[in-house]
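J.: Next up is a structure, given as structure tokens.
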Amino acid sequence: MVMADTRIVEVKNLTKRFEEHVVLDNVSLVVERAENLVVFGRSGQGKSVLLKCIIGLMAPDHGDIFIKGTNVLKLSIAKLNEIRKNIGFLFQGSALYDSMTVRENLTFPLKRHFPEMPQKEIDDKVKHTLELVSLEDAIDKMPSELSGGMKKRIGLARSIIPEPELMLYDEPTTGLDPITTKEISELILNLQKKLNMTSIAVTHDLMCAEIIADRAIFLKDAKVAYEGNIKELTDSKDPFLKNFFGHELIKA
Amino acid sequence: MKLPHLKFGRRLSISDQIYNFFATMTGLTIFNWEFIKQAFLPPYEIGEVKKHMDELGVKTFGIVSITGFIIGLVLAMQSQPVMQRFGAGDFLPGMVALTVVRELGPVITALIFAGRVSSGIGAELGSMRVTEQIDAMEVSAVNPFKYLVVTRVLATTLILPVLTIYVIIIAILGGYLAIVISEPMSWQYYLSSVLNSVEFGDFIPGVAKTFVFGYIVGLVGAYKGYTTEGGTEGVGRASTTSVVLSSLLILIFDTVLVKITLWLWPTLG
């Protein structure tokens, strides 16, 4: 089945349960090219599970996931890997390879995706990507020598170095101070503009969402309960949304 | 590859423990089959295999040196009075060499290797699993099983026989030291007694079975690490159960392999 060209991701009637606990119940969503979609929801509401189903780390119990018109759930692992080469994923804990330096972390996907790429080009790409995240000096450091914010930046650099069309962010600012949160969020936005990426970001950080989101959905009771832009969600009269965003608004 | 889940908890019933035993054996068999399938498919991460062999060799060199030397030393020290009592003192170098070559060298080296390496692989892959590094590899379109498991299992399989040969040599040196402390014996006499006693047929089965032991150490460590669940507690569990299971399997397979060896080469009996 071929989707319209502007649809990068289309999730249809996705259901995922862990034993008796249903975490995603008939969830459907569409993400257009160069759009930043933010997925809100309380902890344990299936936000990360949704991302892991899209990238193929978890198999849903029911439903379909199309990426650029291809149903990824029906692909062999080899064909899925071809699609994955065009997707970046930023993990909540950054998931840097801790036995490798920052340089090796960044060259790892490049060397495997583009075995013919000359070393000079790889080196230039690593340098340029580290400049984008303002961490050129960390190139020979080990992940254990980096702070939480630096790890997020390097994780981001590793995800974007193959210049993917689609980025998936799992809690990109969780555990960071407000200043670093703002910096990372602006960095995500700038990268999206510069590289014309499409993205889905899972978060409960309103500041991050306000900076990066073109559109947002809210997962509640395993379903998409609300959808709109950030202003519509934060200004909503719905008691649940008022309660959820209230804490952030008081701070603002 | 779908592997059975184990049951965890502070107090497991006997039925849960029996279930876990069979689930582990089933999981290990599936994991083993996956290894066989993937080891022969490209890309071949030869650089990674060499890197792991280097690391494992360096990591275990000290401990196997000491162990090997002590095995030979103690074996000769304990056997010397008994053999002299029966007037068989001249056979001591040959007895030390045969015992070390046929059984003690391969098995003790494999058990030390299991303690040092299987736990290390279990902990390393386990912590990669719980910190999502294995998932990160998978989403970046790299086959983590091939990159992390196949390379390590090949490395342990290839390095253990090398370490075993080294341990056998060190143990024979240790045996010589034990003998010369109590009675004068020239190195040339000791060496010629050793070489006259040990035949090629003694050496080959002894060293050949260490390929199997090395495979067990790598496979069990990788299986326990790769399937780790339950955060840091799970990493600890992966590390300790790797040692227990790989040591147990080494001893079971040793029994089977000795029986097969005696069946194939009846003259060794």
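J.: In the range A:113-142, what residues are surrounded by 13 or more Cβ atoms within 10 Å (Cβ to Cβ), of a type outside the set (A, V, I, L, M, F, W, C) and under 14 Å from A:M100 (Cα atoms)?
T.: A:K141
J.: On to the next question. Looking at (1) hydroxyl-bearing (S, T, Y); (2) within 16 Å of the chain's Cα centre (by Cα); (3) modelled with pLDDT under 85, which one does A:S236 not meet, given that it meets all the others?
T.: (2)
Condition check ((1) within 19 Å of B:N32 (Cα to Cα); (2) among the aromatic types (F, W, Y); (3) surrounded by fewer than 23 Cβ atoms within 10 Å (Cβ to Cβ)) across all residues:
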{"residue": "B:G236", "(1), (2), (3)": "no, no, yes"}
{"residue": "B:T241", "(1), (2), (3)": "yes, no, yes"}
{"residue": "B:F253", "(1), (2), (3)": "yes, yes, yes"}
{"residue": "B:L262", "(1), (2), (3)": "no, no, yes"}
{"residue": "B:W265", "(1), (2), (3)": "no, yes, yes"}
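J.: Among the residues of the range B:221-240, is any in contact with a helix residue (DSSP H, G or I) (Cβ under 8 Å, 6 or more places away or on another chain), modelled with pLDDT of 95 or more and among the aliphatic types (A, V, I, L, M)?
T.: The answer is yes; a qualifying residue exists.
J.: Okay, moving on. Could we say that B:M128 is part of a helix (DSSP H, G or I), under 24 Å from B:A238 (Cβ atoms) and within 14 Å of chain A (Cβ to nearest Cβ) here?
T.: Values: part of a helix (DSSP H, G or I): yes; under 24 Å from B:A238 (Cβ atoms): yes; within 14 Å of chain A (Cβ to nearest Cβ): yes.
Spelling it out, B:M128 is indeed part of a helix (DSSP H, G or I), under 24 Å from B:A238 (Cβ atoms) and within 14 Å of chain A (Cβ to nearest Cβ).
J.: With the requirement that a residue be within 9 Å of chain B (Cβ to nearest Cβ) and more than 17 Å from B:E132 (Cα to Cα), what does the range A:91-109 give you?
T.: Our first condition is that a residue be within 9 Å of chain B (Cβ to nearest Cβ); within the range A:91-109, this holds for A:91-99, A:108-109.
Once the filter is applied, which keeps residues that are within 9 Å of chain B (Cβ to nearest Cβ) and more than 17 Å from B:E132 (Cα to Cα), the range A:91-109 yields nothing.
J.: Let me ask you something else. With (1) surrounded by fewer than 24 Cβ atoms within 10 Å (Cβ to Cβ); (2) in a helix (DSSP H, G or I) as the list, and B:L160 as the residue in question, which single condition is left unmet?
T.: Going through (1) surrounded by fewer than 24 Cβ atoms within 10 Å (Cβ to Cβ); (2) in a helix (DSSP H, G or I) one by one, B:L160 breaks only (1).
J.: Within the range A:175-212, how many residues are closer than 19 Å to A:P164 by Cβ, under 16 Å from the mean Cα position of the chain (by Cα) and not polar (S, T, N, Q)?
T.: Qualifying residue count for the region: 12.
J.: Related question: In the range A:143-159, how many are surrounded by fewer than 16 Cβ atoms within 10 Å (Cβ to Cβ) and either hydrophobic (A, V, I, L, M, F, W, C) or out of contact with any helix residue (DSSP H, G or I) (no Cβ under 9 Å at 6 or more places or on another chain) (or both)? Steps first, answer last, please.
T.: Taking the range A:143-159 and keeping what is surrounded by fewer than 16 Cβ atoms within 10 Å (Cβ to Cβ), we get A:144-145, A:147-148.
Pick out the ones that are also either hydrophobic (A, V, I, L, M, F, W, C) or out of contact with any helix residue (DSSP H, G or I) (no Cβ under 9 Å at 6 or more places or on another chain) (or both) and you get A:144.
So the count comes out to 1.
J.: Looking for whichever is without any contact (Cβ under 8 Å) to a residue 12 or more places away in the chain and either in contact with a Pro (Cβ under 9 Å, 6 or more places away or on another chain) or not in a helix (DSSP H, G or I) (or both) here; the options are B:L12, B:L3. Which one fits? First the steps, then the outcome.
T.: On the way: B:L3 fails: without any contact (Cβ under 8 Å) to a residue 12 or more places away in the chain.
Residue meeting the stated conditions: B:L12.
J.: Just need a number here: residues in the range A:34-90 that are assigned to a loop (DSSP other than H, G, I, E, B), within 14 Å of chain B (Cβ to nearest Cβ) and of a type outside the set (G, A, S).
T.: Narrowing the range A:34-90 to residues assigned to a loop (DSSP other than H, G, I, E, B): A:34-35, A:42-46, A:56-61, A:68-69, A:75-76, A:85-86.
With the extra rule that they be within 14 Å of chain B (Cβ to nearest Cβ), the set shrinks to A:56-59, A:75-76, A:85-86.
Pick out the ones that are also of a type outside the set (G, A, S) and you get A:57-58, A:75, A:85-86.
Number satisfying all stated conditions: 5.
J.: Same structure again: Can you tell me which residue is surrounded by the fewest Cβ atoms within 10 Å (Cβ to Cβ) among those in the range B:131-157 that are within 14 Å of chain A (Cβ to nearest Cβ) and more than 19 Å from A:M58 (Cα to Cα)? If you could, list the steps in order and put the result at the bottom.
T.: Of the residues in the range B:131-157, the ones within 14 Å of chain A (Cβ to nearest Cβ) are B:131-148, B:151-152.
Adding the requirement that they be more than 19 Å from A:M58 (Cα to Cα) leaves B:146-148, B:151-152.
Values: B:K146: 20, B:Y147: 18, B:L148: 25, B:T151: 23, B:R152: 28.
Residue satisfying both the conditions and the ranking: B:Y147.
Let's see how each residue does on (1) under 20 Å from B:Y147 (Cβ atoms); (2) in contact with a strand residue (DSSP E or B) (Cβ under 7 Å, 6 or more places away or on another chain); (3) surrounded by fewer than 13 Cβ atoms within 10 Å (Cβ to Cβ); (4) touching a residue at least 12 places away in the same chain (Cβ under 8 Å):
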{"site": "B:D16", "(1), (2), (3), (4)": "no, no, no, no"}
{"site": "B:I30", "(1), (2), (3), (4)": "yes, no, no, yes"}
{"site": "B:G57", "(1), (2), (3), (4)": "no, no, no, yes"}
{"site": "B:I70", "(1), (2), (3), (4)": "no, no, no, yes"}
{"site": "B:L75", "(1), (2), (3), (4)": "no, no, no, yes"}
{"site": "B:A97", "(1), (2), (3), (4)": "no, no, no, yes"}
{"site": "B:P106", "(1), (2), (3), (4)": "no, no, no, yes"}
{"site": "B:F113", "(1), (2), (3), (4)": "no, no, no, yes"}
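J.: Residues being assigned to a helix (DSSP H, G or I) and small (G, A, S): count how many of those fall in the range A:99-145. Spell out how you get there, then give the answer.
T.: Pass one, the range A:99-145, residues assigned to a helix (DSSP H, G or I): A:102-113, A:119-132, A:136-138, A:143-145.
Okay, now just the ones that are also small (G, A, S), so A:138, A:144.
Count: 2.
J.: In addition: Looking at B:A155, B:A136, can you tell me which residue is of a type in the set (G, A, S) and under 14 Å from the mean Cα position of the chain (by Cα)? Step through it out loud before you land on a result.
T.: Values: B:A136 fails: under 14 Å from the mean Cα position of the chain (by Cα).
B:A155 is the lone residue from the list that is of a type in the set (G, A, S) and under 14 Å from the mean Cα position of the chain (by Cα).
The values are calculated or read from the model by the stated rules, or taken from the named source; none is laboratory data. It should be emphasised that the depicted structure is a prediction, and the values quoted were computed from it without experimental measurement. Note that each Cβ is placed from the backbone with ideal geometry, even for glycine, and that neighbours are counted across all protein chains shown.
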